[in-house]
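To start, the structure under review is shown below, and the notes come after it.
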Amino acid sequence: LKMSWFRLYLPLHVLMAACLCHSIKAPTSSSQQSFNTGLFNFYHSLILADGKETTIHLLKDIPKRYYFVLEEGRVLAPFTVTVTPCDVPIEWSILVHKASASSLGKATGGDRDTQEISKSQKAPSMVSTIFNYKGNSVETYMGMSSHSALYMLEFLSTERDTHITVYLTTDTTSGHLYPELPMDPRIDVIGIGHTTVTLTWKHSPSVLQHRESTQYCLLLNEKHNYKSLCAAETAIRSSGMKLPPAIALSLSPYLLEPQQVMILSNSELSIINKVNSGEVRQICMGTKNTYTVPNLSPDTQYYFDVFVVNLLTNASAAYTGTFARTLEEPEPKVVELKDGKVIQVVLDGKKQKFCSLQYRARHKKIQFTFQLCRGQVRVHITKNSKTVASENISGLRYFSLKGKPLDTYLVQLRSTEDFNSSVKVQVSSHFHKPLFPLLPESLKIKSFSKLRTCNSVTIAWLGTQEESKYCVYKRMIKEDQVWRELQSADRCSGPESRHRSEKVLCKYFYDLNLQRAVTTETIKGLDAGTLYLFDVYLFGPSGIPVRYHSKVVKTRKKC
């Protein structure tokens with residue numbers, strides 16, 4: 001009977017009957033007896049497609065069988081079978097039934113939990129298992145047959161329901177579906193920082209030959225390595241996510257789930273999946289084989305897997321995964337505070353977010369003063385290791401505390417923004433010598449729209465019961481500069497940072513009745529239809545200024 005893989009014209013039951021009648025004889029052993037019985041299960045099996053990756057779903061403890069036929073008349077016809085478990089370890093076998101001749105083969109793949117390859121012996125009737133494997137690695141069997149033969153693949157999952165992918169090909173002369181790995185597929189860790197890890201790996205031959213259609217993708221998580229991209233995506237889905245297939249590999253506009261964040265920068269596609277076991281990050285970086293992973297947590301162990309991906313077929317091959325632990329966050333340097341002295345602390349939103357200040361009290365009562373200059377800062381104060389104050393500060397903030405002489409206070413400052421923040425700090429036991437002036441209820445500047453003209457505006461601000469000096473400054477500003485100026489303004493800087501031409505006036509003012517502690521000023525000599533930025537500085541007895549919130553006002557265009 002001449003049988004061809006590409007020409008199966010006969011009905012399935014006729015083909016199977018003809019094949020079995022042609023070659024089945026009396027069994028020679030108990031094992032052949034059991035499998036000869038199993039041969040009739042071919043009738044209920046499925047044909048495995050040649051040259052195509054097939055996804056197979058397995059139910060727990062229920063074997064599933066597929067078969068394929070090799071052509072007759074070819075000398076040493078080659079074939080390969082690649083099986084990729086997408087979750088738990090599975091068992092799979094290749095069984096062959098033929099009348100005579102020999103079958104040769106070998107297996108290649110990752111670590112083998114259980115693997116057996118047997119060579120058939122010439123016999124009148126031959127049914128044999130030529131390959132058997134148990135594990136969760138990607139495994140490839142490469143074989144040759146000199147005669148027409150009927151092959152069966154049997155798959156079994158004993159842990160739980162799962163799925164796998166199977167790729168069969170009898171055409172070994174054309175291009176490979178899976179990208180090739182280098183002879184040494186290990187990932188090397190060449191640098192470790194507090195929040196970064198630098199990795200490198202040897203180039204895949206496929207990347208060197210097909211740069212336009214092949215790329216590298218990196219997957220990192222805090223749980224364990226994955227032996228295939230299929231296994232990684234299954235793990236993410238099982239955490240409660242609906243992950244589109246190969247979302248990190250295909251650049252199609254998939255809709256992301258709420259737990260996902262996509263970042264595209266510098267030709268790198270990053271997808272961050274928030275799952276129950278932590279963060280799973282996928283990064284595709286083109287054909288670069290060295291990469292520094294940013295934005296990691298200090299003192300945390302991460303697992304890294306690199307996949308080389310065929311963009312035309314989405315097929316991938318996995319390098320041998322590795323892991324690394326980031327360095328511990330260095331203890332912030334503790335700065336000693338001196339009584340009555342003012343220091344300004346600058347916090348880098350990306351690198352140095354923390355600062356610690358220590359003070360040894362000499363009196364029972366002390367007062368901490370914080371003036372926020374820029375950004376957002378959280379203050380945490382402990383006395384003898386017990387928390388006494390913790391809050392985000394804005395403007396000027398005082399903390400009056402009671403204790404005993406020689407109490408130790410530790411102040412921790414933390415930036416809550418990704419950009420620079422700064423704050424002035426003072427601690428003093430001399431309450432009768434305040435460093436900063438007495439502040440009004442509000443530091444806002446008000447403008448009167450009805451009093452605006454083409455060359456003048458009128459502004460007002462609150463004062464206090466204490467006679468103080470107020471200085472007004474103005475500056476022309478463009479509309480596209482307003483947001484940046486208001487956000488980046490240093491509220492601790494004084495008039496010394498301003499150009500002399502920007503000064504409008506200085507005046508002294510106070511009122512014992514706070515209801516009437518309001519002053520107004522009309523600034524003249526302005527240009528029509530122009531934006532101006534106005535600032536008011538309040539000076540106390542110590543001479544240290546406090547800056548009101550800047551106000552932007554536009555003069556009328558026509559009058």
Filter result (within 17 Å of the chain's Cα centre (by Cα) and buried (at least 21 other Cβ atoms within 10 Å of the Cβ)) within the stretch 189-219: V197, L199, Y216, C217, L218, L219
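Results for (1) surrounded by 14 or more Cβ atoms within 10 Å (Cβ to Cβ); (2) at pLDDT below 95; (3) under 28 Å from Q515 (Cβ atoms), shown as yes or no for each residue.
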| position | (1), (2), (3) |
| --- | --- |
| S429 | yes, yes, no |
| H432 | no, yes, yes |
| L443 | yes, yes, yes |
| T458 | yes, no, yes |
| W461 | yes, no, yes |
| Q465 | no, yes, yes |
| Y473 | yes, no, yes |
| K478 | no, yes, no |
| R484 | no, yes, no |
Any residue in the stretch 466-478 that's outside any strand (DSSP E or B): show its pairings with residues that are among the aliphatic types (A, V, I, L, M) at Cβ separation under 8 Å, as long as the two are six or more apart or on different chains. E466/L438; I477/L531; I477/L533; I477/V552; K478/L531
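In the stretch 449-465, what residues are touching a residue at least 12 places away in the same chain (Cβ under 8 Å) and either assigned by the TED database to the domain that holds L357 or basic (K, R) (or both)? If you could, list the steps in order and put the result at the bottom.
Keep residues of the stretch 449-465 that are touching a residue at least 12 places away in the same chain (Cβ under 8 Å), which gives 451-465.
Result: R452, single match.
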For residues that are out of contact with any Gly (no Cβ under 8 Å at 6 or more places or on another chain) and more than 25 Å from Y548 (Cα to Cα), scanning just the stretch 373-383, find the one that is least open to solvent (accessible area, probe 1.4 Å). I381
If G525 passes every condition in (1) in contact (Cβ under 8 Å) with a residue 60 or more places away in the chain; (2) crowded, with 16+ Cβ neighbours inside 10 Å; (3) of a type outside the set (S, T, N, Q) but one, which one does it miss? (2)
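How many of the residues in the stretch 181-195 are within 26 Å of T214 (Cβ to Cβ) and among the hydroxyl-bearing types (S, T, Y)? Working first, answer last.
First pass over the stretch 181-195, keeping only residues within 26 Å of T214 (Cβ to Cβ): 181-191.
Filter again for among the hydroxyl-bearing types (S, T, Y), leaving none.
Looking only at that region, the number is 0.
The values are calculated or read from the model by the stated rules, or taken from the named source; none is laboratory data. In this text, all values refer to a predicted model and were calculated from it rather than measured experimentally. Neighbour counts are summed over all protein chains in view; Cβ atoms, including those assigned to glycine, are modelled from backbone coordinates with ideal geometry. Keep in mind that these areas ignore ligands, DNA and RNA; they rest on the heavy atoms of the full protein, side chains included. Shrake-Rupley method; radii C 1.70, N 1.55, O 1.52, S 1.80 Å.
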